[in-house]
1. Rolling a 1.4 Å sphere over the protein heavy atoms, what is the accessible area per residue of the range 30-139, to the nearest Å²?
2. Among bridges DSSP assigns within the range 15-85, what percent are antiparallel (round to 5)?
3. Measure off, as a whole percent, the carbon and sulfur share of the 1.4 Å-probe accessible area of the chain, all protein chains present.
4. About the Cα centre, and with charges only on the beta carbon of Lys, Arg (+1) and Asp, Glu (-1), how big is the dipole of the range 6-139? Nearest 20 debye, please.
5. Determine which residues of the range 42-74 fall in the zone a paramagnetic label at Tyr26 would reach in this model, i.e. backbone nitrogen under 16 Å from the point 7 Å along Cα→Cβ.
6. Of the residues Ser60, Ser33, Ser80, which exhibits the maximal mean-square fluctuation in a Gaussian network model of the chain defined by a 10 Å Cα contact cut-off?
7. Direction-averaged shadow area of the convex hull around the Cα atoms of the chain, nm²?
8. Only bridges with both residues in the chain count here: give the DSSP antiparallel percent, nearest 5.
Amino acid sequence: MTDDATITNTITDTIAAAIAAMPNAYAPYSQFSVGAAICDENGNIHTGVNVENAAYPQGSCAEAGAIAAMVMAGGTRIISIAVAGKGDMLCTPCGGCRQRIREFANPDTPILIADTNGLRQRFTLDDLLPYSFGPDHLG
Ligand code: THU
C-alpha cells in the first residue's frame, strides 16, 4: 500500500480533499480557513479544519482535526498529508502540528502545501521538523 506509485496516486486525492474541506472551517476570529487531509496506510482519506474559539488558545488547527479523524477511523500511519490555505504565504503547519504529524509519520512522509488552485509546494516531514523527537525515542 505504501509503495511510491501508490503514494503518488493518492496525493492528488489528498490535496483535493484538503481544498474541499476549507469552506467547513470555523474561523470567525482570524478569517483564515484551513483544510487538511491525511491519506492513511489503508488508503483512506481523513479531513479536518481549523476550529477557533472565543477563548483563543482553545482553538485547534486543521491538521489536529484530520489526525483525530484518522485515529477515530482506525488509521495508524500518515502516508501523506495536505494542508490548504489562502494567501501569498505558504500555509505550512505550525510548530505544534509538525510535532503532531511526527507521531504518525516518517521522515520522508510528504507534506503537501496547497491553496484553492492546487498544490503549491511539496515538503517532507524531515524538511519541516529535522532532528525531531518521536515515539521511537521511547523504545
Ligand atoms: N491554522 C491551521 O489550522 N493550520 C495551519 O497549518 C496554520 C494555521 C489555523 C489556526 C488558526 O485558526 C488560523 O489558522 C490562523 O492562525
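The values are calculated or read from the model by the stated rules, or taken from the named source; none is laboratory data. Fair warning: this is a prediction, and the values are worked out from it, not measured in the lab. Using ideal geometry, Cβ is built from the backbone for each residue, glycine included, and neighbour counts are taken over all protein chains shown. Please note that ligands, DNA and RNA were not included when accessible areas were found on the heavy atoms of the full protein model with its side chains. Shrake-Rupley method; radii C 1.70, N 1.55, O 1.52, S 1.80 Å.
1. Working: 5690 Å² over 110 residues.
On a per-residue basis, the range 30-139 sits at 52 Å².
2. Numbers: 13 of 14 bridges.
Just about 95 percent of them are antiparallel.
3. Values: 3890 of 7340 Å².
Result for the chain: 53 percent of the exposed heavy-atom area is carbon or sulfur.
4. On the way: 7 positive and 12 negative charges, 33 e Å.
With Lys and Arg at +1 and Asp and Glu at -1, about 160 debye.
5. Counting only backbone N, you get 48-66, 68-69.
6. Comparing Ser60, Ser33, Ser80 in a Gaussian network model of the chain, the most mobile one is Ser60.
7. Values: hull surface 34.0 nm².
Its average projected convex-hull area is 8.5 nm².
8. Values: 19 of 24 bridges.
Around 80 percent antiparallel, to the nearest 5.
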